[in-house]
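Only the coordinates and a few stated rules stand behind these numbers; no lab work does. Model, not experiment: these values are computed from the prediction. Glycine gets a Cβ as well: all are built from the backbone with ideal geometry, and neighbour counts include every protein chain shown.
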């Protein structure tokens, strides 16, 4: 941080924190580049503790309309910029959670604002089409320029959807349809198939299953929820399917120091996967597909090695199950590659890759064979939203133009290095620092301390998110530079120091 | 139609139809009002048959990326206005299907375009929040002004969602949670509840059910799909739940001529509902909720009387099941009232009312008791989209300012009267004309003739949609005036005359 920025920040922080003294002592960063500064603030600025009085008032007001137990505070999105989220009490916070990892290039990026002022784009916002029957003229071109330009290896087909859950639901349906078509061979569905499906019975609605992993999160609609196993609050009281659930490797970190132990743990889980596939086939509920996150996010930022995923992909192939990689949280550049599965180095990484969040539209890529044989099998009114595709195309331009994947790799290294250092300094509080790109996490000694750290950090101008039982996950935007890493580390270090 | 408009239209139609002669002979309409003309065209104008060469070329291009079997043609949304959809070959068609009933006030309504040019609105489009945790400052006000201003009787709580399926999925979840909380009384979930839910097993994931009706459509994600029973293509090959399915009344039309027969049919169905509730309770899969459309839309525009719905609501109450009215297609003014259930004349019509389509955002209203007891039970990243709420607020202003519900009632009467007349004239082709507001339908002698009529009408400049086995459904925008009814009836009449 340069001296001007640091002086400004000290002034803005006022008496809320003793940021100034600490920051210069610990982590010194270069000034932000011109491009960045144009739409970013130069540091946090806190006026009240969070939620402030105005947020509290609005929360009370909203409480008459909705359950507000999850509301953190109310935001002034118009004043937010780049990596900084501004709240309604005038507090400006460095955002390392970015709306549950769904803001790709920061708040109010000038490229996105500019797109809104182009009169040719207005009708895309005002007239949302039923994309599956009446697409706009520029749809094939727009989708080729945007989504297909980042298609995973081996995939040339993409289907947009409104959100992550819808994407996974429809990906599951594609796998079921593909699996049953395979079982039937070239023959048409039987009369019995046709009549039983209308009343929810087999064989028309077959007893097929999706294999998922303990700790996974794939969404909360009822199909997705049957593959989600991260927290009780998501699942309690909702009927589900009897589908197989495999253990996800519980690795030791840093990964490179525990290669032998971790390989053993991964073998154990892979064996269990094969056992479950066999067992569920014997139960009459064959596994049509396996769904997995490249890094279990909501479930606690659990990593596995490229070898694990390569073996898993092979097991799916061997048993005739489709392989679905859920990149809703990992996709869009945050791991330093556009897709986290690219770290596996495979030509044929998956049959289906689903996305949402940072891509602004939901959807999934699929291999040709997975596309349903007939129209209207995968269908709904909107099938996505072209106005979101418009933003995505521009986001991809910005990622390319500003070399953001390289920036993420650089910032991620600085972030992880800082976490290792703090972990060395506070071994009773921090453990298991881990990450890929800026998709990082660290464990806290217990849930209560974790929550206390997050609230204290927020009052000092840093927004963090939790995951798993006692992890903090870092999910900054792709415009999060080394400069921002240092601002964060200084504040985080202050918070830890005050805990002791 | 005034003489200038009719001359212009005749000129634009050129040699494609003999519209001019017929139109003056059959249905004569007054000139459109000034307000309407400002953003509407004065009639269809056809240059090619549909899909034209440009649409065919683009369909081929998109075919490399997606299944295009459902694509009708490609659209020029920028040139579309009011009730007229323009395609990429320069054809301008009167739209009575409006993107599967999801365009509330026509294409490119000036009020919506104006909203886009207000710089204060830009950040709402550019920064999509995680609404459940970080709502924007104006969220409580905006939602009060817009959605709560049209809240169904007895409901002061609303939850937005991204689409119709997500709305119904989460409404179902709310009913399950409510039902289990009721079963548990004041006690907390047991340890067994907590441990079993993580592995998809009862009692944590209980064997509860939702009762639905044969012919219903409630969406295509896996929970919704278990209550959808309209077409094989939606359900084949997708695993489902063993939930009860009651017969929906199959009434005779016009309803007022068959009151006795229809009342008998409705009684039969209501008895079956009660039998199924008892039977499923005995099976150990109690009915937590009943879901029903006020008019079965996708399933063939099947109506039932206010008495039927009042009795059904009482049956739900008597058996301790929640009552969920799915207004995804019927809501938003198309029946002449904002919600179709208002025709039932009840103070307490439902526990949950879901919506999407014409409301531009998905979501559902609920009675206080149905709101889950804890945060994060109903949750996802986006929880809707404030930019859609912005459009909805303006749509509601326009509906109010332009008295569109009255207009819909007036146009609907003219439309139904015209359908009755044509049905009298072509008894071998048309039957069962029916409707409420402009939410009208007519049956065609067989599926093949139905499809042929729809294609012929399209080539003459009228877009229609099908539903059920052999119905045509009419779903114009709320700005569809008597003037447009007559343009449609003239063309429809031509098509029928040529069929004979």
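What to note about this one:
- For chain A, alpha-carbon Rg relative to the globular expectation (2.2 N^0.38 Å, N residues): 1.01
- The Rg/Rh ratio of the range A:310-368, with Rg taken over Cα atoms and Rh as the Kirkwood radius over Cα pairs, comes to 0.98.
- Label geometry 7 Å along the beta-carbon vector: residue A:319 inter-copy distances in nm: 3.8
- Each 5 Å bin from zero holds the following percent of Cα-Cα pairs in the range B:128-401: 1, 6, 12, 17, 19, 17, 13, 9, 5, 2, 1, 0.
- Relative contact order %, the range A:128-401, counting alpha carbon pairs below 8 Å whose residues are six or more apart: 30
- Distance between the range B:70-99 and the range A:406-441 - C-alpha centres, whole angstrom: 53
- Residues within the reach of a label modelled at residue B:257 (point 7 angstrom out along Cα to beta-carbon, backbone nitrogen below 12 Å), restricted to the range B:278-318: there are none.
- Value of Rg to Rh for the protein assembly as shown, rounded to two decimals, is 0.97; Kirkwood radius and Rg both from alpha-carbon coordinates.
- Label point 7 Å beyond Cα along the C-beta direction, distances from residue A:63 to other copies (nm, shortest first): 6.0
- For residue A:445, label point 7 Å along C-beta direction: distances to other copies, nm: 8.5
- Rg/Rg_ref, the range A:372-500, where Rg_ref = 2.2 N^0.38 Å and atoms are Cα: 1.36
- Centre separation in Å (Cα based) which lies between the range A:192-269 and the range A:310-363: 16
- Shielding value for A:216-228 is 5, the average number of Cβ atoms from other chains within 10 Å of each residue's Cβ.
- Cut-off 13 Å, label 7 Å out along Cα→Cβ of residue B:342, residues of the range B:312-336 by amide N: B:331-336
- A simple packing score, the average count of other Cβ atoms within 10 Å per residue, orders the peptides B:270-280, A:66-76 as A:66-76, B:270-280, with the highest score first.
- Percent of Cα pairs exceeding the 11 Å cut-off, where the set is the range B:377-417: 71
- Between 0 and 90°, nearest 10: helix B:482-499 axis offset from chain B longest Cα axis: 80
- Peptides A:370-382, B:250-262 ordered by average Cβ neighbours within 10 Å, highest first: A:370-382, B:250-262
- Folded to 0 to 90 degrees: helix B:3-13 orientation relative to chain B principal axis, Cα: 90
- Dimensionless Rg/Rh of the range A:215-285 - Kirkwood Rh, Rg from C-alpha atoms: 1.07
- Ellipsoid equivalent to the range A:249-363 - semi-axes via the Cα gyration tensor, in Å: 23, 20, 12
- The C-alpha atoms of chain A define a longest principal axis, and helix A:53-63 lies at about 20 degrees to it.
- The range B:64-133: Cα Rg divided by the 2.2 N^0.38 Å rule of thumb: 1.43
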